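The block underneath contains the structure these notes are about, expressed in structure tokens.
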Amino acid sequence: MGAYALLLTLFAPFLGALALIFVPNREALLVRMVAATAAGLSLLASFYVFFAYDPDQAGFQFVSRYPWSEELGIAFYIGVDGIGAPLVFASTILLFAGIFISWHIKDRAKEFYIFLLILAAATIGVFMSLDLFFLYFFYEMSVLPMYLLLGVWGSHTKGYLELTDEEGKKKRDSVGFILNFAANSKEYAAMKLTLFLSVGAVCALMGILLIYHFSPVKTFDILVLREQAQFSGTLATIIWLLVFFGFASIAPIWPLHSWSPVGHAAAPAATSMLHAGVLMKLGHFSIIRVAFEILPETTRELMPIAAVLCIFSIVYGGFVAYFAKDTKYVIGYSSSSHMGYVFLGMAALDYISLTGAVIYMFAHALATGMLFAMAGWVYDQTHTRDIPSLGGLVDRMPFVAGCFLVACMASIGMPGTVNFIAEIMIIVGSWEKYPFQVIVAVLGIVLTTGYLFKMMRGLFYGRLSPEGHHAHDAVGIVDRLPLLLMIGTSIAFGIMPVHFYNVVRSTVEPMLDRINQVAPLITQNSTGLLP
Amino acid sequence: MTFDLVLSGSDLLLLAPEIFLTIWLCVILIIDFSLKDLDHEKLAYLSVGGVLVTLITLMWFDYTGVSGTLFKNMFVLDRLAIFFKIFVLLSTAFVILISVDYVKFFRFFRGEYYFLVLMSALGMMFMASANDLLSVFVTLEFSTFGFYVLVTYLREDLKSSEAGLKFFILGVFAAGLLAYGISLVYGATGTMVFGEMASHQGSYGLAIGFVLIFAALGFKIGAVPFHSWIPDTYQGAPTPVTAFLSIAPKGAAIAILIRMFYVALATFKPMWVLLFVLASILSMTYGNIVAIAQKNIKRLLAYSGIAQMGNILIGLAAGTKRGSDAIMFYLLTYLFANLGAFAVVIGVSNLIKSDEIEDYNGLNRRSPFLAAAMLIFLLSLAGVPPLAGFIAKLYLFIAAIEQELYALLIVALINIVIALYYYLIVIKKMYINEPHDPTPLTISTPLKTAVYVGLAGTLILGIYPKPFIDWAVAATLMFSNLAAPTASVPAVTSLVGG
């Protein structure tokens, strides 16, 4: 039953995309209904998987395995552990919400939904792959639809990338501009994103090939490799660095982040949601799945690299977000800043902090999804994303303004949302090992409050700007449903995190025991932050 | 050496596909001459029918395990040969289908077109069976003659004549190199048959001879530094001929390369590995970098083809059974993706009379089907999952890493990203740019069939490659003892006898 639910989660979007090919483009409603049905089925199945996951049993559950090529040692092998299950759940929530957010797309809606479904299905595939080949297969597959989604349905970022300070002097995002030949178009953003991620992907592929070649059994099976492959010395370091930086480029860790805000800014709302919500988590997840599982000792030695780089991510992202004037640019940089928290949680290699990091990925997916959805709504209504030229929209769209406030609160880590739980766990768990980083992270929260409220004020309060005169609120069920779904989930887990915590903790504990080489605890979940 | 040409019934069976195809192409020619009023489209379907019958015969041979040698080991029919014959015939059928509309633009000799295509195919079938140097030479030239005519088929077009002339001069030059190489090898070993050379001592004559032969075959497959004819010839030739040229002769030449280097030169592997590594690195890098600057889709596919050959040479550089399996699987995926892409190019150029990439602007709005098909073919060539090209590339990489060819692998991985860039540029034009002229485009049934076959092949080989991988693995069972490690043998000295 569970195994079938997992297969359904993965294949429902694929089959939806396949079915859409045969739906004529002029049947606009049918196209949307097919996409929504596929996403809805996937959401229900992953809901079941997430709640049916048994934390007492731990390990990989709902496993199914079909041989794919014995010659190369590849099997189609899927299953989720306590880290995969919540991320699969988050992907399907965002996909479902994204379908409704993009309900009003007119231009080539059919193709849009096909690529969106493929993108989401591929990310879901990564989160449940237990075979290195398929992990890479789905990973690379998720990158390409992004190109078309950005390029065709995106919007130009021209003019928004230039940042000015109070006196009107130009500031520039230095790293973002190294490869930017004054081309602020969506085509540029799409190409940069695709090539950047492909470079990362081939680095990771080299690492995967080295793992394959030097393991005693020629296989891509992660579970077998975890038990039997022993890597040490220079080879292990090389593989670890390739895997870490290859996957971290999508995470995105500083200084490999420059594709990300540009991409966010150019993408249509639903794509930004999936991109920031789940695509970026592919990086962290793949690092955990490949480096943490297969190279535990090297992870222990080299993970401080992440602890150092995450400081730059947090501070740099936060400051650029504070000075940016484009709403999506603010949210994009805030995402890359928040991903630093996840790296901090991972770097500390502590039960509580790693559990927190996984919960943070889920929480951030919801919070940033909401923010992007509403930034997209504001853009659709006013045709601008320039914060200084907007204002007073609360009169025109009270519902969206209210949701925006909740999303900001969630993003900051307000108690009552799941973000709070995640944040506090990362901070508490990492304190012992990295006190300096924790101080930076706490100051980063202050910075987050600053830029989010600044954006909130700029968009919704003050005098109503001329652009906002014809703006409308989200009134229909179609427009309100995705926002309410994400808010509801965030608050529900914020109030009742026990199952979530248990699920993640059950997987994190044995993994960290291997990395830190301690004897496993006798009873799981015996001690922890929560009862 | 005396030849006694006594053929028994079982010997004739080995030759049956070739004999049948010979008769068939004569029939085509006779029908064309005698029935003047016959629609040439019917000739095309007749040709496809003949090719398919031959194809099915060969599949049956493969299934029942028919094999053997003829004419003092000159001609061999084994599973390797059968694989490449099927490959050649598959691409021939494909090419005839995509020619149907194009041939209508020819003012003369429409019937002979199919005859010449079939004759080249016949030559390439013999190439797949060549088992000694003499038959390599004869079959190679046999297959090329048809192409010399086909390339210049657009008689009024200057570009086509230029293409033919370049192809002819360089082709003849390559033939000269081949003949010279063969004479050197014969001088050094005293034999022509691959199997008998394996036991000979290395010498300079052998080394230089084989380098010359490699150069001649490198010309055929268009590997750098023997690639200079490719872009102009591809651009000038009629597009279906370009498509044919881009796949079938390359497959047949790869068959000869595999057989020659794996059988005759197995003991000198450390030496030729270097040759292939260099050719592979140069082809990939040169092809991909120059492709970025192309404005014409046929030239772009020409340079991308050079790069794809670089990828294929990775398998020969590995020099193992895994390497040859990977090559064969790669060729299959390349067949569907490349011919599919050419089918789209022909479809577009029949309608808008242009091969400029600029004119692909907004293809998605004009014909969503053609644009989606081109998207899939180009992404398969780029090696993006879940399409066939990805698994094929990965297979080659696995073969390379097993031989620890790290430098080659790193270059190949970097090239994936470079290649992605120029394929994405075409995709950008099709999907993102707006069309100059938004009239919808529709293509004819035979072309549509070809595109569907290409799509099916690209997707099936990508999602469920197991039967095809198993087929390739079974075809090269004779190389299973070849996986000797490379590092332990001192490199240069073993070949020159020092």
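The values are calculated or read from the model by the stated rules, or taken from the named source; none is laboratory data. Remember, it's a predicted structure, so these values are computed and weren't measured experimentally. Backbone-built Cβ (ideal geometry, glycine too); neighbour counts: all protein chains shown. We work out accessible area using only protein heavy atoms, side chains counted, and drop any ligands, DNA or RNA first. Shrake-Rupley method; radii C 1.70, N 1.55, O 1.52, S 1.80 Å.
Per residue of peptide B:458-471, the mean number of Cβ atoms on other chains within 10 Å of the residue Cβ is 2. Averaged over the residues of peptide B:241-249, the number of Cβ atoms from other protein chains lying within 10 Å of each residue's Cβ is 0. Over chain B, one equal point on each Cα, no solvent: what is log10 I(q)/I(0) by the Debye formula at q = 0.08 Å⁻¹? After summing over all Cα pairs, the log10 values are -0.45. Across the stretch A:2-516, C-alpha contacts under 8 Å between residues 6 or more apart give a mean separation that, scaled by the residue count, equals a relative contact order of 16 percent. With the highest mean first, a sort of the peptides A:112-120, A:413-421 on other beta-carbon atoms found within 10 angstrom per residue produces A:112-120, A:413-421. In this rough spin-label picture, where each label sits 7 Å from Cα along the Cβ direction, the A:THR234-A:LEU30 distance is 6.3 nm. The residues packed around B:LYS321, meaning those with a beta-carbon under 12 Å from its beta-carbon, carry a net charge of -2 if Lys and Arg are +1 and Asp and Glu are -1. Hey, how many Å between the Cα centroid of the stretch A:55-93 and the Cα centroid of the stretch B:261-313? Here the answer is 38 Å between Cα centres. Highest mean packing comes first when the peptides B:328-334, A:237-243 are listed by Cβ atoms within 10 Å, giving B:328-334, A:237-243. The phi torsions of the stretch B:460-468, fed into the Karplus equation with coefficients 6.51, -1.76 and 1.60 and a -60° offset, translate into couplings of 5, 5, x, 8, 10, x, 3, x, 6 Hz, rounded to whole numbers, with Gly and Pro shown as x.
Directionally averaged projected area (the stretch B:76-129, Cα convex hull): 3.5 nm².
Please state the shape class of the stretch B:268-481: rounded when a/c is under 1.5, otherwise prolate if a/b exceeds b/c and oblate if not, all from the C-alpha gyration tensor. The shape class here is prolate. Under the criterion of Cα pairs below 8 Å and six or more residues apart, the relative contact order for chain B equals 16 percent. Each 20 Å bin, from zero up to the one with the longest distance, holds this percent of the alpha carbon pairs of the stretch A:2-516: 25, 60, 15, 0. Summed over qualifying helices (DSSP H, 4 residues or more, each -39500 (n - 2.57)) and divided by its residue number, chain B shows a 222 nm mean residue ellipticity of -25500 deg cm²/dmol. Annotation for B:VAL172 and B:LYS72: the two label points, set 7 Å from Cα along the Cα-Cβ direction, are 3.0 nm apart. Per-residue packing, averaged as other Cβ atoms within 10 Å, sorts the ranges B:385-395, B:199-209, A:249-259, A:19-29 into the order B:385-395, A:249-259, B:199-209, A:19-29, beginning with the highest. Only the Cβ atoms of Lys and Arg (+1) and of Asp and Glu (-1) were treated as charged; on that basis the dipole of the stretch B:271-376 about its Cα centre amounts to roughly 80 debye. Computed from backbone phi with θ = phi - 60° and the Karplus coefficients 6.51, -1.76 and 1.60, the 3J(HN,Hα) list for the stretch B:231-237 is x, 5, 5, 4, 5, x, 5 Hz; x is used for glycine and proline. Within 10 Å of the Cβ of each residue in A:132-139, the mean number of Cβ atoms contributed by other protein chains is 2. Each part gets one Cα centre, and for the stretch A:104-121 versus the stretch A:209-225 those centres are 37 Å apart. Chain B and chain A together bury an accessible surface of about 3500 square angstrom, both sides counted, with a 1.4 Å probe and no ligands or nucleic acids included.
At a probe radius of 1.4 angstrom, the accessible area of chain A per residue rounds to 32 square angstrom.
With contacts taken as Cα pairs under 8 Å and at least 6 residues apart, the stretch A:1-110 reaches a relative contact order of 33 percent.
A 1.4 Å probe run over the protein chains yields, for the stretch B:268-481, 28 Å² of accessible area per residue, whole-number rounding.
Heavy-atom surface analysis with a 1.4 Å probe gives the stretch A:2-516 a carbon and sulfur content of 67 percent of its accessible area. Can you give the angle from 0 to 90° between the axis of helix A:398-412 and the longest principal axis of chain A, with both taken from C-alpha atoms, to the nearest 10? So the inclination is approximately 40 degrees.
Label positions at A:ILE477 and B:ALA456, each projected 7 Å from the Cα along the C-beta direction, are separated by 4.3 nm. If you take the alpha carbon atoms of the protein assembly as shown and fit the smallest convex hull around them, that volume is 168 Å³ per residue.
Counted residue by residue at 0.36 nm each, then reduced by the alpha carbon distance between them, the extension gain from A:THR449 to A:HIS499 reaches 15.1 nm.
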